[in-house]
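J.: Pasting in a structure now, in structure tokens, and then I'll have a few things to ask.
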Amino acid sequence: MWMAEEIARRGGAVPFRDFMELALYHPEHGYYSSPTPRYGRAGDYLTAPTASPWYARTVARLAADLASRLGPLTVADLASGDGSFLEAFLEGAAGGPAPVIRRAVSIETSAALRGRQRARLGESVEIARSLADVPPAAGPTFVHASELFDALPVHRVVQRPGGLQELWVRAGTEGLEWEERPAPAGLVDYFRSHGVRLVDGQVAEVNQAAGKLYRRFLEWAGASALVLVLDYGYAAARLYNPRGRRGGSLAVFSQHRADRDPLVEPGGRDITAHVNWDDLRRPAVAAGFREIGLWPLGVFLLHAGLPTLVDEANLGLARELDAESYAERQELKRLLDPDGMGTDLKVLVHGRGPAAEAAGELLAPQGLPRTL
């Protein structure tokens, strides 16, 4: 097995964080190194942008409303996959009374997917591997990141009576095995800084890269910016509550089925861990960003203008049910489902400067809750 050989070359054992990075991002065997997208209905999991074009259309309506107040926007889609979100977004933003997009930027680490994007998006979009390769934004900016942070490699720990232990992965004689080692001070300090005390036997994940990465996004976005993060996650107090997640939030996905053992078939299945929203809130406060809101996906879409789009498309209850209207309503139901994506996925919105003021009026007018 390639993973066992790789771990053996690294001394026989690696922290789970390094194992996860290899499983997802190894240039040859990594899950995200495949030239074919792994998400979508024919893949291993659905994201909101791939579940229905109504997500991109609604985000485009929000961008158009911002542009009507601020002028044309620089739009950046991070971890943009095969470009399907940007394609639908740009289509939804076009055709209005005033230009919405000044500049469109697509950031994707996979060379294979960047190639698919060039064929799909043409020359109108700047495509790059990293925001560091793109000049900083000028003027009002809209940054979108869908399920980026839950795909970052995480440390995994378990609390024992003698102290916090970090989980490593060892290449044993019978395959990959777990190994416990005393956790370094940085992981112990992480929980202390969030006011979290794990109980004996509790397993948890730590994403030490999320806050640093988010800070770079915020710095790039400029003085008038709106940043929208779509992901699975909770604030620290709930994410690490042993009554709900004693075994952690780590999950493995293949063919739309979830599993809990990441050591099986590394590189062939997706590995994900929930986001600690407080890891993103802290750098946002330090950078002078204001939290516009944190909502379940379904609530965000209602705030962002989905009902108006449905009315404009004549898909309301007054329309007679036919094959087209039924199919469109099923797409909408998938996004709004309170027993699925509509509640499980969350949207965190941060803003700075004039963009924050405009977004606050659009998404969270007086009387609407900002956090659910």
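J.: Determine whether the range 359-367 contains at least one residue that is in a loop (DSSP other than H, G, I, E, B), modelled with pLDDT of 85 or more and either not polar (S, T, N, Q) or not assigned by TED's automatic domain parsing to the domain that holds Arg282 (or both).
T.: There is no residue in the range 359-367 that is in a loop (DSSP other than H, G, I, E, B), modelled with pLDDT of 85 or more and either not polar (S, T, N, Q) or not assigned by TED's automatic domain parsing to the domain that holds Arg282 (or both).
J.: Additional query: If you go through the range 242-252 one residue at a time, do you hit one that is in a helix (DSSP H, G or I), crowded, with 16+ Cβ neighbours inside 10 Å and not assigned by TED's automatic domain parsing to the domain that holds Ala64?
T.: Scanning the range 242-252, I find at least one residue that is in a helix (DSSP H, G or I), crowded, with 16+ Cβ neighbours inside 10 Å and not assigned by TED's automatic domain parsing to the domain that holds Ala64, so the answer is yes.
J.: OK, next. Which members of the range 227-240 meet the condition of being in contact with a Lys or Arg (Cβ under 8 Å, 6 or more places away or on another chain), of a type in the set (A, V, I, L, M) and within 27 Å of Ala64 (Cβ to Cβ)?
T.: Leu230
J.: For the range 210-240, how many residues meet the condition of being among the aliphatic types (A, V, I, L, M) and assigned to a helix (DSSP H, G or I)?
T.: Within the range 210-240, residues that are among the aliphatic types (A, V, I, L, M) and assigned to a helix (DSSP H, G or I) number 7.
J.: Within the range 269-311, count every residue that is under 20 Å from the mean Cα position of the chain (by Cα) and assigned to a loop (DSSP other than H, G, I, E, B).
T.: Filtering the range 269-311 for residues under 20 Å from the mean Cα position of the chain (by Cα) gives 269-285, 289-304.
If we keep only those that are assigned to a loop (DSSP other than H, G, I, E, B) as well, we get 269, 273-274, 289.
Qualifying residue count for the region: 4.
J.: Something else now. Restricting to the range 23-56, name every residue that is closer than 12 Å to Arg269 by Cα, surrounded by 19 or more Cβ atoms within 10 Å (Cβ to Cβ) and at pLDDT 80 or above.
T.: Ala23, Leu24, Tyr31, Tyr32
J.: Being under 18 Å from Gly267 (Cα atoms) and among the hydrophobic types (A, V, I, L, M, F, W, C) is the filter here; which residues of the range 132-163 pass it?
T.: Correct list: Leu148, Ala151, Leu152, Val154.
J.: Does the range 72-94 contain any residue that is among the β-branched types (Val, Ile, Thr) and not in a strand (DSSP E or B)?
T.: Checked the range 72-94: no residue is among the β-branched types (Val, Ile, Thr) and not in a strand (DSSP E or B).
J.: Taking the conditions exactly as written (assigned to a strand (DSSP E or B), closer than 20 Å to Pro15 by Cα, of a type in the set (Val, Ile, Thr) and modelled with pLDDT of 95 or more), does Val169 satisfy them or not?
T.: Working: assigned to a strand (DSSP E or B): yes; closer than 20 Å to Pro15 by Cα: yes; of a type in the set (Val, Ile, Thr): yes; modelled with pLDDT of 95 or more: yes.
Here the answer is yes, as Val169 does meet what is asked.
J.: Could you identify the single residue in Ala221, Ala210 that is in contact (Cβ under 8 Å) with a residue 60 or more places away in the chain, in contact with a Ser or Thr (Cβ under 8 Å, 6 or more places away or on another chain) and either surrounded by fewer than 17 Cβ atoms within 10 Å (Cβ to Cβ) or of a type in the set (A, V, I, L, M, F, W, C) (or both)?
T.: Values: Ala210 fails: in contact with a Ser or Thr (Cβ under 8 Å, 6 or more places away or on another chain).
Step by step, each of Ala221, Ala210 is checked, and only Ala221 is in contact (Cβ under 8 Å) with a residue 60 or more places away in the chain, in contact with a Ser or Thr (Cβ under 8 Å, 6 or more places away or on another chain) and either surrounded by fewer than 17 Cβ atoms within 10 Å (Cβ to Cβ) or of a type in the set (A, V, I, L, M, F, W, C) (or both).
J.: Also, quick follow-up: Evaluate the range 95-103: report whether one residue or more is surrounded by fewer than 23 Cβ atoms within 10 Å (Cβ to Cβ), in contact (Cβ under 8 Å) with a residue 40 or more places away in the chain and not in a helix (DSSP H, G or I).
T.: Among the residues of the range 95-103, not one is surrounded by fewer than 23 Cβ atoms within 10 Å (Cβ to Cβ), in contact (Cβ under 8 Å) with a residue 40 or more places away in the chain and not in a helix (DSSP H, G or I), which makes the answer no.
J.: Next question. Take Gly342 and tell me if it is surrounded by fewer than 22 Cβ atoms within 10 Å (Cβ to Cβ), outside any helix (DSSP H, G or I) and not charged (D, E, K, R). Can you show your working first?
T.: Values: surrounded by fewer than 22 Cβ atoms within 10 Å (Cβ to Cβ): yes; outside any helix (DSSP H, G or I): no; not charged (D, E, K, R): yes.
For Gly342, the condition - surrounded by fewer than 22 Cβ atoms within 10 Å (Cβ to Cβ), outside any helix (DSSP H, G or I) and not charged (D, E, K, R) - is not met.
The values are calculated or read from the model by the stated rules, or taken from the named source; none is laboratory data. The structure displayed is predicted, hence computed values, not measured ones. So basically every Cβ, Gly included, is an ideal-geometry build from the backbone, and we count neighbours across all protein chains shown.
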